[in-house]
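Some notes on the structure that comes next.
The values are calculated or read from the model by the stated rules, or taken from the named source; none is laboratory data. The structure displayed is predicted, hence computed values, not measured ones. Note: ideal-geometry Cβ built from the backbone for every residue, glycine included; neighbour counts use all protein chains shown. Note: areas computed on protein heavy atoms with side chains; ligands, DNA, RNA excluded. Shrake-Rupley method; radii C 1.70, N 1.55, O 1.52, S 1.80 Å.
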Amino acid sequence: MREGMIDDIYWGQNTVKAQRFENLHLYYFTEFDYEPKQGMDAELCFGGIDTAAEIYLDGELLGFVENMFHAHTFDLRDLEDGQHSILVHILPSAIYARQFEVPAMCFGLKYNQDGIQLRKAGSMFGWDIMPRFVSGGLWKPVEIVYKPKSRIVDPFTYTRWANEHDAFICTTLRIESDEDFISDFRVILHGECGESVIHHEYRPFCASCKIDFGFLAPKLWWPKNYGEPNLYDMEITLVKDGVVYDCVKYRFGIRTLELKRTSCSGDDGDFCFIVNGKRIFAMGTNWVPCDAFPSRHDEYTLRNIKLADEQGCNMIRCWGGNVYPSEDLYDYCDEHGILVWQDFSMACGVYPQNERFQTLLREEAEVIVKKFRNH
């Protein structure tokens, strides 16, 4: 459509005509120059592939993927420097899904019955709020990512308990390194929010580290209408003999959150989120796709979340028929006191419980939870 090869599929009944493209195979090809970097490991990272695809590197099958919701990475440590070719063959989702039997106890919408076997956004098969565009492609960038050979992996900071007087927080992380002695490293955790400072140094005995400590007068994160959405600028540094090996940065809000839920309804019932010990009156909206093509969502993400913010929303629910939103959305919500209720990407269906599908969901859950849990 952008190249003028087809008419504007958003116009009139062209959305129906676009269904004739659902059986097309897609091929992406390029050549690239690779140069190893001293002291670094390299990975080939596909930010988003929609959906089932074969990936070939220099004519050899590098891997097969079938989940559009998260990145896929491949180790390049054994790749020689020089020019290389890469080809991505994306299978048509509507045809790929036919091979999987949908058990009698499972169901989706009538135009998405096969699609519940795929880890592909349900709205792309058509919805009451969305035209049917069962498209495919590389919907996020492809890049070579260089990482220090000794590095911090999966840092996660959470609040054990907190009030206006003091707080107790915990940070977990993993150290990946070829060094013989992990205990020769030091982990320095530092955070600042205005005049409030967090600082702690830790000697690791193991690759898996759990660093917990308390401090006084924390600046708490509050949702809109209940206080300031204070955020600490966190920095975790991996040091050995005065040399910095790795450093990761993110923002963190000190807060406790619980869902109080009873089995009763009416005056005796309760379904309420409690933040920092206070009941929160949730004023929210549903976050649904900004565009039929996920590759274009971020053209509208900040515009749309600002509209919700201006309407006074202090909570959004990210709907399961969508892809997972980008960091831009979560960053904005962190900074403006908006709670996020995040569905997993499933909607309006009873999904398969076979080994293949459970494996896909398990991998997805681990990636997605680790990606967003510091928000």
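Numbers for the structure displayed
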read-out	value
Condition broken by residue 84, with the remaining ones in (1) part of a loop (DSSP other than H, G, I, E, B); (2) open to solvent by less than 30 Å² (accessible area, probe 1.4 Å); (3) not aliphatic (A, V, I, L, M) satisfied	(1)
Residue within region 153-172 that is among the small types (Gly, Ala, Ser), under 27 Å from residue 79 (Cβ atoms), touching a residue at least 24 places away in the same chain (Cβ under 8 Å) and surrounded by 17 or more Cβ atoms within 10 Å (Cβ to Cβ) present	no
Given (1) in contact with a helix residue (DSSP H, G or I) (Cβ under 6 Å, 6 or more places away or on another chain); (2) assigned to a loop (DSSP other than H, G, I, E, B); (3) farther than 30 Å from residue 246 by Cα, index of the condition residue 69 fails	(3)
Residue within region 97-112 that is within 24 Å of the chain's Cα centre (by Cα) and open to solvent by 50 Å² or more (accessible area, probe 1.4 Å) present	no
Residues being free of Cβ contacts under 8 Å to residues at least 40 places away in the same chain and not hydrophobic (A, V, I, L, M, F, W, C) - total across region 27-74	8
Any hit, region 346-357, residues being of a type in the set (Asp, Glu), modelled with pLDDT of 95 or more and within 22 Å of residue 124 (Cβ to Cβ)	no
Tally, over region 205-259, of residues that are surrounded by fewer than 17 Cβ atoms within 10 Å (Cβ to Cβ), assigned to a strand (DSSP E or B) and among the polar types (S, T, N, Q)	1
Residue among 66, 54, 22, 60 that is within 21 Å of residue 112 (Cβ to Cβ) and out of contact with any Lys or Arg (no Cβ under 8 Å at 6 or more places or on another chain)	22
Within region 115-139, tally of residues that are open to solvent by 70 Å² or more (accessible area, probe 1.4 Å) and within 25 Å of the chain's Cα centre (by Cα)	1
Residues that are farther than 16 Å from residue 123 by Cβ and either touching a residue at least 40 places away in the same chain (Cβ under 8 Å) or part of a strand (DSSP E or B) (or both), drawn from region 284-308	284, 285
Single residue of region 309-336 satisfying the filter (among the hydrophobic types (A, V, I, L, M, F, W, C) and either in a helix (DSSP H, G or I) or open to solvent by 30 Å² or more (accessible area, probe 1.4 Å) (or both)) that is farthest from residue 272 (Cα to Cα)	329
Residue list for region 22-72, filter: exposed (fewer than 13 other Cβ atoms within 10 Å of the Cβ) and within 22 Å of the chain's Cα centre (by Cα)	64
Count of residues meeting criterion [within 23 Å of residue 253 (Cβ to Cβ) and aromatic (Phe, Trp, Tyr)] in region 330-371	4
